[in-house]
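The structure is given below, and queries will be raised subsequently.
The values are calculated or read from the model by the stated rules, or taken from the named source; none is laboratory data. All values derive from a computational prediction rather than experimental measurement. Cβ atoms come from the backbone with ideal geometry, glycine included; neighbour counts cover every protein chain shown.
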Amino acid sequence: MTAVVVGDALIDELRDDHGVREFVGGAALNVAVGLARLGVPATLIAMLGDDEPATRVRRYLEDFGVNLVATPSLLGTARAVSTRSGQGEPTYEFNEASRKRRIRFGEAEIDAMAHADAIVVSCFAFDDPEQTAELIDAIGEARRRAESEGREAAAVAVDPNPRAGMMRDKDEFVRGFERMAASAALIKVGEDDATLLYGGDLDALRTRLIALGADAVLATQGASGATIEARGVVVTRPISPLPGRIVDTMGAGDAAFAATVAVLVEGTPTTEDDWATALQSAMDAAAATCRFEGALLRTPSALQGTDMDRIGT
């Protein structure tokens, strides 16, 4: 079982009272690496520059066994600067490459998707109608090729992951996202997404996406846990109560999404118990990831034998 992830790859620059640190990141990259760590071979389709940060991204993906199909960027590699303080939520700034991101969908990209069991889209430029159309056309062609070769077409999973600093047109973003949602096997949305795109009410957004045609919706609510709704089944789980303090919430949503997709590629859950098991796996991954700095997916096994006082140092 394999997955292709389409979206962003960048350098996360964290600035806080302890100084400046950099991580290889991007929501799509986090999901691709997370899937690989969960035993699902993954390919990432993303934009990269011809620069030193791109070299770091490539080496990072190689370290975790993630294949890369890269679109060259004349603006360099994307970068997100996160400034954090003890007084409030982090603020983000994105460089020009992030704001003008674009992915080419050629033969290599379509072929990778045609041979995947899941196509995962995260933090895509849905506010660019031409890009959205190119993505939908590429997925359609990939699914047709798979079926013509006697293979089951890939399931499609989408996390809109909108970023205010990267989005040029909110209404266009919603239109593009909902075009994808109408035929998706899984949609992941969070409280921040509901607020930014729809003015709030995550439960109402979950209902809307199911009505549009999504087979299942994973709705994450931060410290309150998450809910999955799928074909009349609704299951809710709190964040898993793992040992140790929460060090960094960055990547928790990506971890939950990757864990749910990992279940999906093995076969779509059909019963309430199956979906509850999938959601528990997602909450375990989110909680474990929060015990470490950075967005690398962790599972509860990462905490076994770990000195909890030294995590995040």
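Modelled with pLDDT under 95 and among the basic types (Lys, Arg): which single residue out of 84, 59 fits that description?
Matching residue, one of 84, 59: 84.
Oh, and also: Over 14 Å from residue 5 (Cα atoms), out of contact with any Leu (no Cβ under 6 Å at 6 or more places or on another chain) and not hydroxyl-bearing (Ser, Thr, Tyr) - does that describe any residue in the range 41-48?
So far as the range 41-48 goes, yes, one or more of its residues are over 14 Å from residue 5 (Cα atoms), out of contact with any Leu (no Cβ under 6 Å at 6 or more places or on another chain) and not hydroxyl-bearing (Ser, Thr, Tyr).
Restricting the range 88-110 to residues that are free of Cβ contacts under 8 Å to residues at least 24 places away in the same chain and assigned to a helix (DSSP H, G or I), which is farthest from the chain's Cα centre (by Cα)?
107
Take residue 29 and decide whether it is within 19 Å of residue 158 (Cα to Cα) and either crowded, with 16+ Cβ neighbours inside 10 Å or of a type outside the set (Lys, Arg) (or both). Talk me through it step by step, then tell me what you get.
Details: within 19 Å of residue 158 (Cα to Cα): yes; either crowded, with 16+ Cβ neighbours inside 10 Å or of a type outside the set (Lys, Arg) (or both): yes.
Here the answer is yes, as residue 29 does meet what is asked.
Could you grab me the full set of residues in the range 225-236 that are surrounded by fewer than 18 Cβ atoms within 10 Å (Cβ to Cβ) and either of a type outside the set (Gly, Ala, Ser) or within 13 Å of residue 194 (Cβ to Cβ) (or both)? Explain how you work it out, then say what you get.
Residues of the range 225-236 that are surrounded by fewer than 18 Cβ atoms within 10 Å (Cβ to Cβ), as a first pass: 231-234, 236.
Passing the criteria: 231, 233, 234, 236.
Could you list all residues from the range 159-213 that are closer than 24 Å to residue 95 by Cα and either assigned to a helix (DSSP H, G or I) or among the hydroxyl-bearing types (Ser, Thr, Tyr) (or both)?
170, 171, 172, 173, 174, 176, 177, 192, 193, 195, 196, 197
Same structure, new question: If residue 101 satisfies all but one of (1) of a type in the set (Lys, Arg); (2) surrounded by 19 or more Cβ atoms within 10 Å (Cβ to Cβ); (3) over 30 Å from residue 21 (Cα atoms), what's the number of the condition it fails?
Looking at each condition in turn, residue 101 falls short on (3).
Does the range 53-67 contain any residue that is hydrophobic (A, V, I, L, M, F, W, C), part of a strand (DSSP E or B) and either at positive phi or touching a residue at least 24 places away in the same chain (Cβ under 8 Å) (or both)?
no
Additional query: Restricted to the range 267-289, and to residues that are at pLDDT below 90 and under 19 Å from residue 31 (Cα atoms), which residue is surrounded by the most Cβ atoms within 10 Å (Cβ to Cβ)?
Once the filter is applied, the top-ranked residue is 268.
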